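Below is one structure, written out as structure tokens; the observations come after it.
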Amino acid sequence: MPTPSNRSLERGIEILRAFRPGSTLLGNGELAERTGLAPATVSRLTQTLVGAGLLEHDRPARAYRLAAPVLSFAHAMRTGSTVLQVAAPRMRALAEKLRINVGLAVADRSEMLYLESIRYNKKASLRSVVSGQRVPIELTSLGRAWLATAPPARRAELTKEFEARRSNWPRLRREIDKAIESVRRRGWCAASWQPEIVALAMPLALPNERVHVLNASLSTSEPANEVALELGAPLLALGEQITREFIARGGSLA
């Protein structure tokens, strides 16, 4: 029997989700537009969230920003994650050894959310990818590797969303299908959704955890296929190392 939901709580969370990088201040009207909630509902919820200390009200701007206590949630999540405790040092070791970028992400709705990002990219703009950053599922190796593990119903649901928002969907669909086949055949897939950036990703199925995705990327003018073949083995080895250590720390295959 489905657990009854708390609509007020769900709506309050949607208000908090509306804040993204570049959206420091949001008024009630913008929040209503982003969440699809009624203006009166938004007004009531923002007042409640201010009272709870999770939003701050900028009176001159007549808008809201996330309050400092929100940061403590992220810190608690990161320090309490066994996956990150195991993965982060091993990711850093590979990034330093090969001078590449290594990341770890999970799916959140139609995006991938970075949990960890260790950057050794020659391009300064790409070194700014940090934990908490989001990237599109349909365009990235991270997202496509996750799609290879997604339940068919969820993949079909997302496919409709991607098709509605991408004018070049037929080409993207072919790329996604190819990536899913690559994951099933080789354990990883590759994508180059930004100029001269080659990225590989592999799903990481850890016992009793949601699917995480590891990626490795670098800036290069070399052929993408050659770079992918060079990075594939180190990435797979990293995934195996993290899985072994995670199980050794108490994870179970049961």
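Listing for the model above:
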quantity: Residue match in segment 124-138 (condition: modelled with pLDDT of 95 or more, hydroxyl-bearing (Ser, Thr, Tyr) and either surrounded by fewer than 17 Cβ atoms within 10 Å (Cβ to Cβ) or not in a helix (DSSP H, G or I) (or both)); calculated: no
quantity: Selection count where residues are open to solvent by 40 Å² or more (accessible area, probe 1.4 Å), aliphatic (A, V, I, L, M) and modelled with pLDDT under 95, scope segment 225-240; calculated: 1
quantity: Members of segment 83-99 found to be at pLDDT 95 or above and in contact with a Phe, Trp or Tyr (Cβ under 6 Å, 6 or more places away or on another chain), listed by number; calculated: VAL86, ALA95
quantity: Qualifying helices (runs of 4 or more DSSP H) (wholly inside segment 21-120; at least 2 residues being in contact with a Gly (Cβ under 7 Å, 6 or more places away or on another chain) and surrounded by 15 or more Cβ atoms within 10 Å (Cβ to Cβ)); calculated: 39-51
quantity: Test: residue in segment 182-193 that is without any contact (Cβ under 8 Å) to a residue 12 or more places away in the chain, surrounded by fewer than 18 Cβ atoms within 10 Å (Cβ to Cβ) and of a type outside the set (S, T, N, Q); calculated: yes
quantity: Flag if THR159 is in a loop (DSSP other than H, G, I, E, B), modelled with pLDDT of 95 or more and β-branched (Val, Ile, Thr); calculated: no
quantity: Hits in segment 101-116 - residues which are over 8 Å from the mean Cα position of the chain (by Cα), more than 16 Å from MET202 (Cα to Cα) and in contact (Cβ under 8 Å) with a residue 24 or more places away in the chain; calculated: SER110
quantity: Inter-residue pairs, beta-carbon under 7 Å, first more than 20 Å from ARG59 (Cα to Cα) and at pLDDT 95 or above and in segment 18-38, second among the polar types (S, T, N, Q) and not in a helix (DSSP H, G or I), 6+ apart; calculated: none
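The values are calculated or read from the model by the stated rules, or taken from the named source; none is laboratory data. These numbers come from a predicted model, not from an experiment. Counting neighbours? That spans all protein chains shown, and the Cβs are built from the backbone with ideal geometry, glycine included. When the accessible area is computed, the model is the full protein with side chains, heavy atoms only, and any ligands, DNA or RNA have been set aside. Shrake-Rupley method; radii C 1.70, N 1.55, O 1.52, S 1.80 Å.
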